[in-house]
1. Of all helices (runs of 4 or more DSSP H) completely enclosed by segment 102-161, which ones contain at least 2 residues that are within 16 Å of ligand 1 (Cβ to nearest atom) and within 29 Å of T308 (Cα to Cα)?
2. Got a number for residues in segment 192-226 being open to solvent by 40 Å² or more (accessible area, probe 1.4 Å), of a type outside the set (A, V, I, L, M) and more than 7 Å from ligand 1 (Cβ to nearest atom)?
3. Kindly state which helices (runs of 4 or more DSSP H) lie completely within segment 197-288 and contain at least 3 residues that are more than 16 Å from L21 (Cα to Cα).
4. List the number of the failed condition for Y240; all other conditions in (1) surrounded by 14 or more Cβ atoms within 10 Å (Cβ to Cβ); (2) over 30 Å from L92 (Cα atoms); (3) touching a residue at least 40 places away in the same chain (Cβ under 8 Å) hold.
5. All but one of (1) part of a loop (DSSP other than H, G, I, E, B); (2) within 11 Å of ligand 1 (Cβ to nearest atom); (3) in contact with a helix residue (DSSP H, G or I) (Cβ under 6 Å, 6 or more places away or on another chain) hold for T50, so report the exception by its number.
6. Starting from segment 189-208, keep only residues that are free of Cβ contacts under 8 Å to residues at least 60 places away in the same chain, then list their pairs with residues that are open to solvent by 70 Å² or more (accessible area, probe 1.4 Å) and among the small types (G, A, S) whose Cβ atoms are within a distance under 8 Å, requiring at least 6 positions of separation or different chains.
Amino acid sequence: MMKRVLSGIQPSGRLHIGNYLGAIRQHIASQDDPHVDRFFFLANYHSLTTINDADTLRELTLDVARTYLALGLDPKRSLLFLQSDVPEVCELTWILSTLTPMGLLQRCVSYKDKVARGIQSNHGLFAYPVLQAADILIYDSHYVPVGADQKQHLEVCRDVAIKFNLTYGDTLVVPDAVIRDEVAVIPGIDGQKMSKSYNNTIDMFGSDKELKAQVMSIVTDSKGLDEPKDPDTCNVFALYKFFATADEQAEMAERYRAGGYGYGHAKLELLAKLKAYFGPFREKYLQLASHPDDVIDVLKTCGLKARTTASETMARVRSAVGIF
Ligand code: ADP
Ligand code: TRP
């Protein structure tokens, strides 16, 4: 049987180059693997834990979908769909909830972090990992590629699946997390992890002016133009490395060390790289932005296919637990 890769991303903000390098790029590259099929979905039910404005959620959902499509997600080789187009996931969430120990959820650091950051505590935020477990289990997923921050949620999912199988007999596929520990944390313009929550992102598809403003505001030390500089502690160089060849990196590092080369120069080189890299994707993105119906069509068509798989799992689950 073909193995299934599944991952979800919350449409809770515009995607940035940290998301691209840390997640989307790998999702898209996996399309070349003939041994797996791929389900990618936009976790819009999850986003309701932090977004309470309908227009904002709709706009961000479309934006994330068109970003994936523009960057190369090919609906012929991968499904791209909305979590909410498979409402059975909520039914499975409830059934799994009845097997999820409170202590397991109370230990989840992501809930505690979010509350500490001032996000309103509510049952949805607390039960978030159970919905995530349902997302994974309803499609019989084998591999779930996620960032290191999601490791604990994957453990909850595995624990709950194992408990279900022990309680009701073998019904659910117990998935493996594929944790991208090896993926570097991409720094934002202030040097912290790039994150929409920190307002330090470089966007993929902003206008030239916006992109330039973001790149020019990357924080550096205050060394003057003539002074030699250390590329290995510089945020501009750290970002440049992701988009430059080995030779180009060596050349820039050399110029840093020699002196007579300012951070402004390095920023302009980074800007040129970003424009060259994302330029062609941006055209596709803008084209999709003016054809929202095409994007919705892809989501709905893929959603129907995903729902067929989910219905099969739910039939097994209902029968296992004794629901007619
Ligand atoms: P954000 O931090 O902007 O809210 P999310 O937590 O929604 O981003 O992350 C979505 C995906 O992008 C996750 O798989 C996460 O691991 C990845 N990601 C986000 N920011 C970075 C970063 N700075 N470096 C590497 N990967 C990242
Ligand atoms: N919680 C994940 C995140 O914030 C998004 C997500 C929801 C997810 N459901 C999932 C990821 C299922 C993988 C599998 O990044």
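The values are calculated or read from the model by the stated rules, or taken from the named source; none is laboratory data. No experiment lies behind these values; they were computed from the predicted model shown. Note that we place each Cβ from the backbone using ideal geometry, even for glycine, and neighbour counts take in every protein chain shown. For the accessible areas, the whole protein counts, side chains as well, though only heavy atoms, and no ligand, DNA or RNA atoms are used. Shrake-Rupley method; radii C 1.70, N 1.55, O 1.52, S 1.80 Å.
1. Qualifying helices (runs of 4 or more DSSP H): 123-137.
2. The total comes to 15.
3. Here the list reads 208-216, 246-258.
4. Y240 satisfies every listed condition except (3).
5. (3)
6. none
Residues are listed down the side, and each one gets a yes or a no for (1) open to solvent by 50 Å² or more (accessible area, probe 1.4 Å); (2) among the aliphatic types (A, V, I, L, M); (3) modelled with pLDDT of 95 or more; (4) in a strand (DSSP E or B):
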site: L6; (1), (2), (3), (4): no, yes, yes, yes
site: R14; (1), (2), (3), (4): yes, no, no, no
site: A23; (1), (2), (3), (4): no, yes, no, no
site: L73; (1), (2), (3), (4): no, yes, yes, no
site: E91; (1), (2), (3), (4): yes, no, yes, no
